[in-house]
Amino acid sequence: MFESEEIRLLPAHLQWRTVVPKQGESVKGWIVGPIQIHTVHFTQKASRPCRDKITKGKVLCYCANAPQSARQVGYQPLLTRDREKLVVLMCATTAAKVKMIAHGTPVEFWRSQKCKTGLHVKQVLAEDLGTVATGNAARMKPHDIRPYLLQILWQDAALISYFDKSHSATGHSDTIGEVTPVCHSTLGAPTAARDNAVSLISPHRKRAGKVAG
């Protein structure tokens, strides 16, 4: 079921695999947690979160000294019929649509084969993934993928240190603010933190090899 043995050896809450459906590809599954939408910079062909945005100004970002373009990226936890735990990456436009979809809803993400368009999403019939399984997905406790993003996908030592220290000092971790999705974002553009941001789960220290952003 898992493509990598390293994923299998991780703690359960970190056993996710990032996917970006290519042209002509699709993936089906259930929405199993709230989408995370963050401002990122693209460095060395991978996305890295803006430290300033994600810590609400408490950690200086490398973009402060070397201004870089930025955009917002959505990270949606998805459980497939084969029980594989995926994190689907998407642009802010698609993320805004996904944010309106209820927990446990069966969906399909796809890109058109004929032209280079963005990622699309649509709700599919419960029968496509199994009526009983769809009912179970709706009753499932929502997954929080923020520890996975922080430790496995981004692997930003400065951010890991910041949230670890926050947890040690206060007994709970500081918050990772989810930002309001917009179609296009540039460095310095105004973004609003989600009003009801919740605390980051204290991360485990066990790590695997880098996952592409």
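A short reminder: the numbers here are calculations on the coordinates, not readings from a lab. Quick caveat: nothing in here was measured; it's all calculated off a predicted structure. Quick reminder, even Gly has a Cβ in these numbers, built from the backbone with ideal geometry, and neighbours come from all protein chains shown.
Data for the structure
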read-out	value
Where trypsin sites (Lys or Arg not before Pro) fall in DSSP loop in the range 1-98, at most 16 other Cβ within 10 Å	22, 45, 56, 58, 81, 83
Positive minus negative residues near residue 143 (Lys, Arg vs Asp, Glu; Cβ under 14 Å)	+4
Within the range 9-90, percent of DSSP bridges classed antiparallel, to nearest 5	85
Neighbour net charge for residue 68 - beta-carbon separation under 13 angstrom, K R +1, D E -1	+3
Neighbour-count order for 115, 63, 91, 50, fewest beta carbons within 10 angstrom listed first	115, 91, 63, 50
Under 15 Å, Cβ to Cβ, from residue 121 - net charge with Lys/Arg +1 and Asp/Glu -1	+2
Distance violations [Cα-Cα > 26 Å] among 45/116; 53/99; 116/141; 22/97	116/141
Simple spin-label estimate for residue 114 and residue 99 in nanometres, 7 Å along Cα-Cβ	3.1
